[in-house]
Amino acid sequence: MKLDGVELRRIAMPLVVPFRTSFGTELDREVVLVRVVGADAEGWGECVAVSEPRYSSEYVEAATDVLRRFLVPTLLALPDPDVHRAERAFAQFKGHPMAKAALEAALLDAQLRESGTSFGWFLGAVHESVPAGVSVGIMDSIPELLAAVDAYLDEGYLRIKLKIEPGWDVAPVRAVRERYGSELLLQVDANTAYTLADARHLAKLDPFDLLLIEQPLPTHDLAGHASLARVLRTPICLDESISSAAVAVHAITIGATSVVNIKPGRVGGYLEARRIHDACAAHGVPVWCGGMLETGIGRAANVALAALPNFTLPGDTSASDRYYTRDITDPFVLEDGHVRVPTGPGIGVEPDPDALDSVTLSTEWISA
Ligand code: NPQ
Ligand code: MG
């Protein structure tokens, strides 16, 4: 397809409530949106990099810089751009998977809109809707946590994920398990907050029959996770560690992970995300779709991905109002605990111009 240029747009979305994890508290979600403009179609992608490099080394300003200086010019220089050629061309630059994923997603959206096909169709989705879980931040007290979980369960969420850190782990898990019983699908996410020295402490979570513990140890410590897995009964699920299909296979092979969280931004795009899905399926390892507090743009694409056959656990693909009072697209809503997979061309949703204007901080245009 012939490209005219690419727009980079910085937006700031106020969160409905502050979101606290082991790496910090966020009140606003700053996001870079990418719009790829072709002769016959345009497409949108969302960069999931966060304001500060606390989840991974990427952050909003760095992602914008690498997009502006390297990725967008590389895309615009391709003689006949398509997502596969773009992915290969981006590979000459090390790292910056979230920036690459955003531009790849925008190009894919444009490409699929041009051909009148949906993300779900392109990726191989087999479901019309996907079960929704919700990620619950660290709170100041147990009563506050239980009130939040009550409300999410009333809304219909099918799985609860508690964010944990040293000092906020066994007690909140016990309180939630005791209040809702053994039927509740419950898991925890540490975002790298522990060390192997905490193995005995983390084993105190074993009696609560968690679906999994997500990323207890540092990002690059696969061997540590393999050791921890031999101590815990709770399955380990890696998030931050899984940067590619090759790393996923490595982690599975050495016994570091028995479930995988797939986030397209963290792994450099939807093509690599699908390869991880396929590799995990081949190894008998279930996957689920993570979340990075996406607007409707990123959420639409994630929901399509989550409809692939090996996404057998509910994901962090929550409804829009989990995070935002007013999304920039038509909101994703819960229907019986599920979120519907868009069926229109591309990601199947587009930003509402007024909603988008109201959150836009700046835009820049990079011409072909
Ligand atoms: C995770 N997401 O699975 C991430 C962490 C994350 C839904 O738990 C602003 C504030 C942006 C906190 C992006 C969920 C964030 C954030 C991602 C947390 O590890
Ligand atoms: Mg996580």
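Can you tell me which of 291, 255 is over 18 Å from the mean Cα position of the chain (by Cα) and in a loop (DSSP other than H, G, I, E, B)?
When all the criteria are applied, what remains is 255.
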task = Name, by its number, the condition in (1) open to solvent by 50 Å² or more (accessible area, probe 1.4 Å); (2) within 16 Å of ligand 2 (Cβ to nearest atom) that does not hold for residue 94.
result = (2)
remark   = So the helices (runs of 4 or more DSSP H) completely within the stretch 71-138 holding 2 or more residues that are within 16 Å of ligand 1 (Cβ to nearest atom) and not polar (S, T, N, Q) are 97-115
inquiry  = Suppose the filter is surrounded by fewer than 21 Cβ atoms within 10 Å (Cβ to Cβ), without any contact (Cβ under 8 Å) to a residue 60 or more places away in the chain, under 28 Å from residue 321 (Cβ atoms) and within 14 Å of ligand 1 (Cβ to nearest atom); does residue 26 pass it?
reply    = no
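Test residue 304 against the criterion of being on the phi < 0 side of the Ramachandran plot, more than 16 Å from ligand 2 (Cβ to nearest atom) and touching a Pro at 6+ places or on another chain (Cβ under 8 Å), and give yes or no.
In short, yes.
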remark   = Reported set for the stretch 57-69 where residues are touching a residue at least 24 places away in the same chain (Cβ under 8 Å) and open to solvent by 40 Å² or more (accessible area, probe 1.4 Å) is 57, 68
request  = Can you tell me which residue among 171, 151 is outside any strand (DSSP E or B), over 30 Å from residue 341 (Cα atoms) and either at pLDDT below 95 or more than 16 Å from ligand 1 (Cβ to nearest atom) (or both)?
outcome  = 171
query = Mind checking which residues of the stretch 251-284 are surrounded by fewer than 19 Cβ atoms within 10 Å (Cβ to Cβ), small (Gly, Ala, Ser) and either touching a residue at least 60 places away in the same chain (Cβ under 8 Å) or over 23 Å from residue 231 (Cβ atoms) (or both)?
reply = 281, 282
ask   = So which pairs qualify, if the first residue must be in the stretch 145-172 and more than 18 Å from residue 211 (Cβ to Cβ), the second must be basic (Lys, Arg), the Cβ gap must be under 7 Å, and the two must be at least 6 apart or on different chains?
value = 146/179
ask   = Among the residues of the stretch 201-242, which ones are charged (D, E, K, R), under 29 Å from residue 58 (Cβ atoms) and open to solvent by 20 Å² or more (accessible area, probe 1.4 Å)?
value = 221
query = Any residue in the stretch 178-192 that is of a type in the set (D, E, K, R) and either touching a Phe, Trp or Tyr at 6+ places or on another chain (Cβ under 6 Å) or within 16 Å of residue 314 (Cα to Cα) (or both)?
reply = yes
inquiry  = Being open to solvent by less than 10 Å² (accessible area, probe 1.4 Å), farther than 20 Å from residue 222 by Cβ, more than 13 Å from ligand 1 (Cβ to nearest atom) and of a type in the set (Val, Ile, Thr) is the requirement here; does residue 287 meet it?
reply    = no
query = What pairs can you find where one residue is in the stretch 303-324 and closer than 17 Å to residue 121 by Cβ and open to solvent by less than 10 Å² (accessible area, probe 1.4 Å), the other is of a type in the set (D, E, K, R) and assigned to a loop (DSSP other than H, G, I, E, B), and their Cβ atoms are less than 9 Å apart, with a gap of 6+ or different chains?
reply = 307/128
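The values are calculated or read from the model by the stated rules, or taken from the named source; none is laboratory data. These numbers come from a predicted model, not from an experiment. No Cβ is skipped: glycine too gets one built from the backbone with ideal geometry, and neighbour counts run over all protein chains shown. The area values use the complete protein model at the heavy-atom level, side chains included, leaving out ligands, DNA and RNA. Shrake-Rupley method; radii C 1.70, N 1.55, O 1.52, S 1.80 Å.
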